[in-house]
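**Q** Got a structure here, written out as structure tokens. Questions coming.
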Amino acid sequence: MQPLPQSRLSAISLFVFGWPLCLAYFSANSTGIAYANQSDSTPQAASTVEDVRALMQAGEYEQAIAAAKKQVDKRVWNESWPRLLIEGYLTVGDYDRARSEYELAIERFSDSIPLRLLGVQVYRMTNNAPQAEKQLDEIETLLRQSPWRYSNRSNLVPVGEFYLMRGEDPKQVLKICFDQAVKLDPKNVDAHVATARMALSKNDAQVAAQSLDKALALAPKDPEVLYLAAKAWNETERGRKEGFLQRSLESNPRFVPSLLYAAEKQMDSERYEAAREILNRVEAIQSRNPILWSLRAAIAHLTGDYELEGNARRTALERWNLNPEVDHTIGRHLSLHYRFEEGAEYQRRSLAMAPNYAPARTQLAQDLLRLGRTEEGWSLVDGIRQSDPYDVSIYNLKQLQAKLAKFTTLEAPGFVVRMDTKEAEIYGDDVMLLLRQARETLVPKYRAELQEPIFVEIFPRQQEFAIRTFGMPGGEGFLGVCFGRLITANSPAALQVDSNWRSVLWHEYCHVVTLQKTKNKMPRWLSEGISVYEERQRDPAWGEQINPTYREMLLADDMVPISRLSGAFLNPKSPLHLQFAYFASSLAVEFWIERFEMKGLQKLLEDLSIGMRQEEALARLPGSLEILDQEFLEFVRDKARQMAPSADFAPLPKDPSLDLQSWLAEHPNSYFGNRQALEMSMKSKDWGSARKIADHLIALWPDDSSNEGIYWKLAVICRELGDHDAEYNALIELSRRASSPREGLLRVTELAKDRQSKTMLRTSDILQGVDPMSDAVQELRSFAAEQTEDPYTARNALRALLALDPIDPASVLYRLARSSLKLNDKKQAKRYCLQSLEESPRFIDALDLLLELRDSANDKPLPDNR
């Protein structure tokens, strides 16, 4: 539907802003107007209406309907009664009776906009689109004829909702209708709720939260307010979100929107049986609810029951056969489970019913961008932005699009990589090398046939990564995300913590292989488990490693079996439990390969790819899920017990007066006791005692892989003792075990200058995977390469150093010339030499080199054979 001309909205605007005295008069004297009786009726009638509304809010729908029906039959002159009756029938899904009551009521209250808005719902749910449209036309006629009659506090909210349905600018509706309703009556809960609904539909959680804070203060037990609050607060406030949803259902256990939302949360966690149980509760209340059947269709698709999917979709469309929300809802849930191709197809179906349906257009744009169809996706974003300038997610994407246009694009067989231009100069070649190695290793290993190229986008700011990945800011805990053909990742510059970008990209490219092999039909735990497992196969320092905390969780009674591992990702108890889910899933993959070999893992992926249900695919080789779960739990508990078998991991007594030294004399192998003693010795600078305790801890558990674990502590202790050989050895052990120990790597590279140049080159290369944007890292890397006669690495490191604006560019350019000469690239060497002299015309070494190059013929440069 095309937006209304601005003049239609300005009619009501004139009376809201231009006639304040008239507006005040009608607000204060609305008892003489029939359509305003809903809020200004006699005290006795208002009390009865409020009682029925209370019944509705408590979920006593049948009692509310009976009470309202009794008053309607008496022909009480108060439009609130037929409205409550129609709302009751709509709530329980009795659409035919709702229509009958509406047609009787509208004869008496023909000038009621709230009633006619109900009529739109009634006719849509009885498959009468022309009559639904007619109600909107009638509202438009009423507003044109007598705009002053609808500028009071009772009508501004429904008038605003009408204009939103007609496609008017939401910001204008907010300003002219909803904000004015709040100014006239700050306790107008409906105005706050309408604002929140509108803001949520435009992905503006901030405005929604502000309005809901006010609504909650006025109506803390209103189930709709609590439901909207649950939707408004994002995943970083998971506890608050879930608390609101629970409170909504406590206020009204039969509140259908909250029940549907609870079912959706279970679906997100792949707890489909729990979701079905909640949907059964919805069916007992409102058996014809289209979203109920849409969610059932989505579950059926995700579990491979395509016949049930079709039946459920047909039922969802039975009462309103052009309802765009049905296919949008199904597609949205498919996309949430990374089934973007199927999700996009459902959005197209939705748009075939309603071409301007904004949620489907927005979701389709996101799906296309995640599928790598960037030209089509960005074109759709442009169109949405022009027609709907308020949608926050689309605004964010448009801002991001402008920044992406400035990125450098690197291409190679199978890949298109987009990076910040400066970052591409510094480590772009290393990105391409790593991706090429991942492709050569993982594609044949998993017998995958990929749809290429794979698009990789690396963002220098976390907010940009979040907008590209999630559509909105947030997602601070994510290093990278894979959608099948698209990888998005934070660059090292975007993160506040040390991480290894190489391990991140290896992990995400493994997702490319497994997701495409299974057509995105694999459970979350298996996808993540394979990627973490393959990290460790590539480099033992990468991926999640066992530690004392994980050991305890593996041995705990609530350790999750394979059949329920996805829930550990999708509904974790804490950030720690989420991180543990990655490790546990990698152990599940390790167990599967040990038990059924690599062929067994390939078979599992192939079974999933043809749509076989997860439970069936998992049970095929072991014989049953029960056997699989039992054997897996035995496997991980054996792993846990094998970790540091001589160490005692019992917790320390919770006794403030505990004499730690005496306790350690009785428990010399206590891991936590020795660790506490080590901290105390280091704090008091008793380095001799600290050295002995550190050596004992290493003897107990030599595989500590944490960046600041025992090997880092031992290195600090040895440095304080002046034993630099022991410090060096401790740091070498740290570099072999930890994935991103930046400070330790910098220190060992410095120490290696006087020792082994090859060690210096290895550790500086690890640093390139941790902090390539550091000039100190590039200086160490170039120095190590020069010392080991590796001119290719030296040239790359020096180019990176030059891009970082060094203090002495002339020296860097001279060294670049030397490296190029060693690569037989005399033309490039001469160019660098001249640039060095431009910076420092009296640079003697550069002048000598220029003379050396002056008469040299340019041989063919040596190839890069990495």
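The values are calculated or read from the model by the stated rules, or taken from the named source; none is laboratory data. Keep in mind that what you see is a predicted model, and the values were worked out from it rather than measured. No Cβ is skipped: glycine too gets one built from the backbone with ideal geometry, and neighbour counts run over all protein chains shown. Just the protein is used for accessible areas: all its heavy atoms, side chains included, with ligands, DNA and RNA removed. Shrake-Rupley method; radii C 1.70, N 1.55, O 1.52, S 1.80 Å.
Condition check ((1) more than 21 Å from ASP268 (Cα to Cα); (2) out of contact with any Ser or Thr (no Cβ under 7 Å at 6 or more places or on another chain); (3) surrounded by fewer than 22 Cβ atoms within 10 Å (Cβ to Cβ)) across all residues:
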site: HIS507; (1), (2), (3): yes, no, no
site: TRP542; (1), (2), (3): yes, no, no
site: GLN545; (1), (2), (3): yes, no, yes
site: GLY567; (1), (2), (3): no, no, yes
site: GLN602; (1), (2), (3): yes, yes, yes
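**Q** Report, by residue number, each residue of the stretch 675-727 that is more than 25 Å from PRO651 (Cβ to Cβ) and among the acidic types (Asp, Glu).
**A** GLU720, ASP723, ASP725, GLU727
**Q** Check whether at least one residue in the stretch 286-293 is open to solvent by less than 60 Å² (accessible area, probe 1.4 Å) and within 27 Å of ILE610 (Cβ to Cβ), and report yes or no.
**A** Within the stretch 286-293 (the criterion being open to solvent by less than 60 Å² (accessible area, probe 1.4 Å) and within 27 Å of ILE610 (Cβ to Cβ)), the answer is yes, since at least one residue qualifies.
**Q** For the stretch 133-160, give me each residue that is under 20 Å from PRO186 (Cβ atoms) and either at pLDDT below 90 or part of a helix (DSSP H, G or I) (or both). I'd like the intermediate steps shown before the answer.
**A** Start the filter on the stretch 133-160 by keeping residues that are under 20 Å from PRO186 (Cβ atoms), which leaves 151-160.
Of everything in the stretch 133-160, those that are under 20 Å from PRO186 (Cβ atoms) and either at pLDDT below 90 or part of a helix (DSSP H, G or I) (or both) turn out to be SER151, ASN152, ARG153, SER154, LEU156, VAL157, PRO158, VAL159, GLY160.
**Q** Right, here's the next one. Can you confirm whether SER491 is open to solvent by 10 Å² or more (accessible area, probe 1.4 Å) and either hydroxyl-bearing (Ser, Thr, Tyr) or farther than 20 Å from SER393 by Cα (or both)?
**A** Numbers: open to solvent by 10 Å² or more (accessible area, probe 1.4 Å): no; either hydroxyl-bearing (Ser, Thr, Tyr) or farther than 20 Å from SER393 by Cα (or both): yes.
Considered against the rule, which asks whether it is open to solvent by 10 Å² or more (accessible area, probe 1.4 Å) and either hydroxyl-bearing (Ser, Thr, Tyr) or farther than 20 Å from SER393 by Cα (or both), SER491 comes out as no.
**Q** Take the stretch 133-153 and flag every residue that is more than 27 Å from ASN323 (Cβ to Cβ) and open to solvent by less than 20 Å² (accessible area, probe 1.4 Å).
**A** First, the residues of the stretch 133-153 that are more than 27 Å from ASN323 (Cβ to Cβ): 144-153.
Scanning the stretch 133-153 gives PRO147, TYR150, SER151, ASN152.
**Q** Further, regarding this structure: Restricting attention to the stretch 129-149, does a residue exist that is more than 24 Å from VAL173 (Cβ to Cβ) and of a type outside the set (A, V, I, L, M)? Before the answer, list the steps.
**A** We begin by selecting, within the stretch 129-149, every residue more than 24 Å from VAL173 (Cβ to Cβ); these are 130-131.
Filter again for of a type outside the set (A, V, I, L, M), leaving 130-131.
Yes, that holds for at least one residue.
**Q** Here's a check for you: in the stretch 781-795, which residue that is open to solvent by 10 Å² or more (accessible area, probe 1.4 Å) and not polar (S, T, N, Q) is farthest from GLY428 (Cα to Cα)?
**A** Per the criteria, the residue is GLU789.
**Q** Pick from LEU798, LEU802, LEU767: which is surrounded by 18 or more Cβ atoms within 10 Å (Cβ to Cβ), within 23 Å of THR421 (Cβ to Cβ), at pLDDT below 90 and of a type outside the set (Lys, Arg)? Walk me through how you get there before you give the answer.
**A** On the way: LEU798 fails: at pLDDT below 90; LEU802 fails: at pLDDT below 90.
Among LEU798, LEU802, LEU767, only LEU767 is surrounded by 18 or more Cβ atoms within 10 Å (Cβ to Cβ), within 23 Å of THR421 (Cβ to Cβ), at pLDDT below 90 and of a type outside the set (Lys, Arg).
**Q** Please enumerate the residues belonging to the stretch 760-811 that are β-branched (Val, Ile, Thr) and either in a helix (DSSP H, G or I) or touching a residue at least 24 places away in the same chain (Cβ under 8 Å) (or both).
**A** Taking the stretch 760-811 as the starting set, the residues that turn out to be β-branched (Val, Ile, Thr) are 763, 766, 770, 777, 788, 793, 807.
Selection gives THR763, ILE766, VAL770, VAL777, THR788, THR793.
**Q** Every residue in the stretch 280-316 that is more than 23 Å from ARG254 (Cα to Cα) and not polar (S, T, N, Q), please.
**A** Within the stretch 280-316, the subset more than 23 Å from ARG254 (Cα to Cα) is 300-311, 313-314.
Scanning the stretch 280-316 gives ALA300, HIS301, LEU302, GLY304, ASP305, TYR306, GLU307, LEU308, GLU309, GLY310, ARG313, ARG314.
**Q** Okay, next question. Got at least one residue in the stretch 728-750 being of a type in the set (Val, Ile, Thr), open to solvent by less than 10 Å² (accessible area, probe 1.4 Å) and closer than 30 Å to ASP648 by Cβ?
**A** We begin by selecting, within the stretch 728-750, every residue of a type in the set (Val, Ile, Thr); these are 732, 748-749.
With the extra rule that they be open to solvent by less than 10 Å² (accessible area, probe 1.4 Å), the set shrinks to 748-749.
This time we only want the ones that are closer than 30 Å to ASP648 by Cβ, so: none.
There is no residue in the stretch 728-750 that is of a type in the set (Val, Ile, Thr), open to solvent by less than 10 Å² (accessible area, probe 1.4 Å) and closer than 30 Å to ASP648 by Cβ.
**Q** Another question about this same structure. Considering only the stretch 300-323, I want to know if a residue exists there that is touching a His at 6+ places or on another chain (Cβ under 7 Å) and open to solvent by less than 70 Å² (accessible area, probe 1.4 Å). Step through it out loud before you land on a result.
**A** Initial filter on the stretch 300-323 (touching a His at 6+ places or on another chain (Cβ under 7 Å)): 302, 309.
In the following step, the residues that additionally are open to solvent by less than 70 Å² (accessible area, probe 1.4 Å) were identified as 302, 309.
Yes; the residues of the stretch 300-323 include at least one that is touching a His at 6+ places or on another chain (Cβ under 7 Å) and open to solvent by less than 70 Å² (accessible area, probe 1.4 Å).
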